[in-house]
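Below: the structure, in structure tokens.
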Amino acid sequence: MVEAMAKRAKTDPKAKEMSRDIRLWLDGLNRPQLAIAYLMLVLHQMGLGSLWMAGPMHAKADIEKILKIPAGMDVVTLVPVGYPAENPTKDRKPVSEVAR
């Protein structure tokens with residue numbers, strides 16, 4: 001989508017503006033994405049379970065109200081954290097059986 005918008009931006013001023021906004025938005029999410037990934041790795045190491053949720057944004061206003069998010073701040077994802085109810089174990093196949 002970004003590539004198509006960039007091509008159209010060469011001739012369409014509105015598309016140029018939208019392309020710039022999309023890039024700013026994507027750039028603004030890169031740093032939080034890295035932080036969340038590392039957070040989840042650390043939580044796993046500590047024996048905690050976590051889930052990266054971007055889906056409940058249909059309830060964004062309710063979530064921001066419950067969490068008392070200040071005006072001017074924006075919730076873009078949620079990461080619920082807790083102790084797993086169970087700890088399943090799996091017998092792994094040797095690498096030689098699943099890869100060459």
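Annotation: Leu43 fulfils all but one of (1) at pLDDT below 90; (2) surrounded by 12 or more Cβ atoms within 10 Å (Cβ to Cβ); the unmet one is (1).
Residues checked against (1) touching a strand residue (DSSP E or B) at 6+ places or on another chain (Cβ under 6 Å); (2) part of a helix (DSSP H, G or I); (3) loosely packed, with under 13 Cβ neighbours inside 10 Å; (4) at pLDDT below 85:
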{"site": "Ala6", "(1), (2), (3), (4)": "no, yes, no, yes"}
{"site": "Ile22", "(1), (2), (3), (4)": "no, yes, no, yes"}
{"site": "Ala37", "(1), (2), (3), (4)": "no, yes, yes, no"}
{"site": "Lys60", "(1), (2), (3), (4)": "no, yes, no, yes"}
{"site": "Ile69", "(1), (2), (3), (4)": "no, no, no, no"}
{"site": "Gly72", "(1), (2), (3), (4)": "no, no, yes, no"}
{"site": "Val75", "(1), (2), (3), (4)": "no, no, no, yes"}
{"site": "Glu86", "(1), (2), (3), (4)": "no, no, yes, yes"}
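The values are calculated or read from the model by the stated rules, or taken from the named source; none is laboratory data. Keep in mind that what you see is a predicted model, and the values were worked out from it rather than measured. As a convention, Cβ positions derive from the backbone with ideal geometry for all residues, glycine included, and neighbour counts pool all protein chains shown.
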